[in-house]
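The values are calculated or read from the model by the stated rules, or taken from the named source; none is laboratory data. As the structure is a prediction and not an experimental result, all values here were calculated from the model. Glycine also receives a Cβ, built like all others from the backbone with ideal geometry; neighbour counts cover every protein chain displayed. All accessible areas refer to the heavy atoms of the entire protein, side chains included, with ligands and DNA or RNA removed. Shrake-Rupley method; radii C 1.70, N 1.55, O 1.52, S 1.80 Å.
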Amino acid sequence: MEEALARAREAEESPVGRGIIEELQANVALAKEEAIPVCQDTGMAIVYVELGQDVHITGGNLYLAIDEGVRQGYEQGYLRKSIVADPLRRENTGDNTPAFIRVQVVPGDKLRIHLLPKGGGSENVSRLAMLKPAQGVAGVKKFVLETLDLAGGNACPPYLVGVGIGGTFDECAFLAKRALMREVGRPNPQEHLARLEEELLEAINDLGIGPQGFGGRQTALAVHVESLPTHIACLPVAVNLSCHALRHRSREV
Ligand code: SF4
C-alpha cells in the first residue's frame, strides 16, 4: 500500500488530491514509527485458511485457536474491539471475536493462514448483484462503476477494489474479498481478466471522486478481479471495497 500510495501521489493531477495523499503517507509513516494502527477501525478479523489435506491438527479446535489468537492480538496490540455479538442487540463481545473464518482444503501438507482485518466503512459500501448472463462484461463494468459511484468518498479512498465474478451468490462475495488479499496491483494471471482490471481502474479513476472524496483521479489504487465457474443462468458479480487502510498478512506452517 505504501508503494501504491507513492505511485498515486505522483500520478494525482489535483493539488488537493495530492495534498490528501501526502497526509495519508504521513499517517502511515507515523503509524510505523509508533507501531500503532493507521486507522482507529482495526476491523473484523477475516481469516482465510488453506488447509493441506495431509495436515492433521491435534490438541484442540482450529476455530477456537484462531479466536484465541484474535483475542490475544487485539488485546496486546491495543486494537479497537469492533464486534457485536448480535446484529440487532448490538452488545460488543469485548475481545473482537468471533473471527470470520473460511477454511478451504487444498493439496499438500501445509497450513496457510491469511488474515485481513477489515474495517466496517468499506464493508458497508460493498455490493453484490445477480446479473443476467446477457448483461455480460458490460453489465459487470456498469455494476462496479455504480458501486464506486455510490461509495463516493464515504469509505476513505483511494480504494483497493476487489471484484468477484461467477460462482454462487455466497462464493462470489467471498471471491471479491479474497481478491483484496492479493499483492496490490498484481494482475490476474488470466489475460482477459487482467485487461478487465485495467479497464475498470481507468473507468473508476475517471469518476473524479479522488482521495478522500475531495476530487481527483486517484479514486482507486488497483482493481483485482477473481472469477469462478457459474451456472448457465447466472452471472453473479460482487464488489468488496477496501479503503487505503488495507492490512493483510499470510503465514504458512
Ligand atoms: S474506511 Fe478505512 S480508513 Fe476509513 S474509517 Fe474505515 S477503516 Fe478507517
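Report the extension gain between ARG102 and GLN40 in nm, rounded to one decimal, defined as 0.36 nm multiplied by the number of residues separating them, less their alpha carbon distance.
19.8 nm
In the neighborhood of ASP41, defined by Cβ-to-Cβ distances under 15 Å, what is the net charge if each Lys or Arg adds +1 and each Asp or Glu adds -1?
Value of the local net charge: +3.
Cα centroid distance between region 69-102 and region 210-237, in Å?
Here the answer is 28 Å between Cα centres.
Using packing as a proxy for protection, rank 81-94, 234-247, 44-57, 199-212 so that the peptide with the highest average count of other Cβ atoms within 10 Å comes first.
Values: 81-94: 11.3, 234-247: 24.5, 44-57: 16.4, 199-212: 18.9.
Ranked from most to least packed, the peptides come out as 234-247, 199-212, 44-57, 81-94.
Can you list the residues of region 24-63 with backbone N under 19 Å from a point 7 Å past the Cα of ASP109, pointing along Cα to Cβ?
Correct set: 50-59.
Using the structure shown, list the pairs from LYS118/LYS177; LYS32/LYS110; LYS141/LYS177; LYS81/LYS118 with a Cα-Cα distance above 21 Å, or answer none.
Beyond 21 Å between Cα atoms: LYS32/LYS110.
Each residue of region 236-251 in order: what ³J(HN,Hα) in whole Hz does its phi give by Karplus 6.51 cos²θ - 1.76 cosθ + 1.60, θ = phi - 60°, with x for Gly and Pro?
After applying 6.51 cos²θ - 1.76 cosθ + 1.60, I find x, 9, 10, 10, 10, 8, 10, 6, 5, 7, 7, 9, 7, 9, 10, 9 Hz.
How much length is gained on full extension from GLU252 to GLU2, taking 0.36 nm per residue of separation minus their Cα-Cα distance?
The span from GLU252 to GLU2 would gain 87.6 nm if fully extended.
What chymotrypsin sites (Phe, Trp or Tyr not before Pro) in region 148-253 are in a loop by DSSP, with at most 15 other Cβ atoms within 10 Å of the Cβ? Spell out each step's value before the answer.
Details: sites: TYR159, PHE169, PHE174, PHE214; in loops: PHE214.
Qualifying residues, ordered by number: PHE214.
Given the options ASN61, LEU30, GLY210, identify the residue whose Cα lies farthest towards the positive end of the charge dipole of the chain (+1 on Cβ of Lys, Arg; -1 on Cβ of Asp, Glu).
Towards the positive end, the residue furthest out is ASN61.
Quick check for you: with a 1.4 Å probe and neighbouring chains kept, what is the accessible area per residue of region 121-247, in Å²? Write out the running numbers ahead of the final one.
On the way: 5450 Å² over 127 residues.
I get 43 Å² per residue for this part.
Take each uninterrupted DSSP H stretch in the chain, measure its Cα extent along the helix axis, and return the ones at 15 Å or beyond whose mean Kyte-Doolittle hydropathy is at least 0.5.
136-151
Run the accessible area of the chain with a 1.4 Å probe and give the carbon-and-sulfur part as a rounded percent.
Looking at the chain in its full context, I get 54 percent from C and S.
Using a simple spin-label model with points 7 Å from Cα along the Cα→Cβ vector, what separation in nm is obtained for HIS231 and ARG195?
Taking the two extended label points, one gets 3.0 nm.
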